[in-house]
Amino acid sequence: MDTEPFSHRMEIRGRRRTDQRTPAGSHASDEAAQKAAMLRLTQDQMLVNQALVEKILAFEQAEAALRESERKLHDLLAHQQAAREDERKRLSRELHDTLAQNLLALRIDIVMLYQQTTRRHYRLRDRIGAALDNVDAILRSVKQLLGELRPSCLELGLMATVDMELRKFGRTSGIACDLAGEPGIDELVMDEEASLTLYRALQECLNNILRHSLASRVNVRLDIVHGMLAMRIADNGIGFDPAAVRKPGSFGLLDLHERVNGHGGSLLITSAYAHGTELVVSVPLSAPQPDGFTSE
Ligand SMILES: Nc1ncnc2c1ncn2[C@@H]1O[C@H](COP(=O)(O)OP(=O)(O)OP(=O)(O)O)[C@@H](O)[C@H]1O
Ligand SMILES: [Mg+2]
């Protein structure tokens, strides 16, 4: 079918050449033949057009289906993230109300036993002292676990929370950390979800810096830009190619991207081999700010 219009064109040109050689009497019949050929050509073009229209329609339908499935995937991811945070909240409440409270009660009993045991029973006293140390160690672990599940420090404000997290990271990793922010940022009021999104972003970035960057320094900066809180996390490590195909099993940044986007924010990654990495996470400031606190 593809070659037909071409052969028709050949036929028409052929007849034109014949026109020059044939007498004037056969002119009318040639014209009729030409018209018939043109008509056939138009019919073929219409068939081709129809096929094209059908193809375009099929593409449009496939594109709409793809967009719909992409939207569903975004919704599903947002739902999973919300469910994960709810589960963390429930777990941390349970841990706090049962394990931590019971451990504290146990600790009070052990302290009393220790105080009532005379120095003459030094072996028993030592055993009770060791039990007390054990309970204290378990309490520290539970507290850390509670902090990871649901950061209670968020109530202190974002700047204080980031500061605490960076100090903890600096202590355990040995990487020098620096925090800066525009004046007045410590008075910033943010809704819980936005603060939690930024906190999780910081956790993922610090985790990545520790695991992948070989950096010796991390700089974090908080600013207000066009009604958004922008958190910039920069390291002086080995860097990577953000446009490279995602490694199987690597979901941290993808997850973060979804989370920040779902919150109406954005995630910008700038990195190059041997030139470190910079991530800017921005989330909208939906909560009303104190008097005199203006965001550009
Ligand atoms: N600060 C960084 N410095 C160097 N490379 C990095 C940095 N952050 C991320 N990367 C690179 O980007 C990749 C993807 O990071 P991502 O956080 O998505 O996954 P991951 O850390 O490998 O796994 P996970 O799903 O546990 O987070 C990493 O494997 C690493 O190669
Ligand atoms: Mg990661």
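Every number in this text was worked out from the coordinates using simple rules, so none of it is lab data. Quick caveat: nothing in here was measured; it's all calculated off a predicted structure. Every residue, glycine as well, gets a Cβ built from its backbone with ideal geometry; the counts of neighbours run over all protein chains shown.
Taking the number of Cβ atoms within 10 Å of each Cβ as an exposure proxy, the fewest-first ranking of D235, D241 is D241, D235.
Sort 220-227, 55-62 by the packing proxy (mean of other Cβ within 10 Å over each peptide's residues), most packed first.
Ranked from most to least packed, the peptides come out as 220-227, 55-62.
In terms of packing, defined here as the mean over residues of other Cβ atoms within 10 angstrom, the peptides 64-70, 253-259, 134-140 line up highest first as 253-259, 134-140, 64-70. The simple spin-label model puts a point 7 Å past each Cα toward its Cβ; for A105 and A64 those points are separated by 6.2 nm.
Hey, fewest Cβ within 10 Å first, where do F251, F169 land in order?
Placing the least packed residue first, the sequence is F251, F169.
Between M38 and D178, the simple spin-label model (points 7 angstrom out along Cα→Cβ) gives 8.0 nm.
Between M159, M112, M46, find the one with the highest GNM mean-square fluctuation for the chain; connect C-alpha pairs within less than 10 Å. Between M159, M112, M46, it is M46 that shows the largest mean-square fluctuation. Could you tell me how far the Cα centroid of the stretch 201-251 sits from the Cα centroid of the stretch 75-130, in Å? Between the Cα centres of the stretch 75-130 and the stretch 201-251 lies a distance of 34 Å.
The mean sequence distance of close C-alpha pairs (under 8 Å, at least 6 residues apart), as a share of the length of the stretch 183-296, puts its relative contact order at 33 percent.
For a quick protection proxy, order the peptides 263-269, 28-34 by their average other-Cβ count within 10 Å, most packed first.
Ranking, from highest mean packing down: 263-269, 28-34.
Within the shell of other residues whose beta carbon sits under 13 angstrom from the beta carbon of G181, the net charge comes to -4, with Lys and Arg scored +1 and Asp and Glu -1. Extent of the chain along its three principal axes (Cα atoms, max minus min coordinate, largest first): 140, 42, 41 Å.
Think of the stretch 121-218 as having a plus end and a minus end, set by charges on the Cβ of Lys, Arg, Asp and Glu; of L206, G181, A160, L206 sits farthest toward the positive end of this dipole. For K55 and D241, a Förster radius of 41 Å and the Cβ-Cβ distance give a FRET efficiency of 0.65, rounded to the nearest 0.05. Taking the Cα centre of the chain as origin and assigning +1 to Lys and Arg Cβ atoms and -1 to Asp and Glu Cβ atoms, the resulting dipole is close to 1200 debye.
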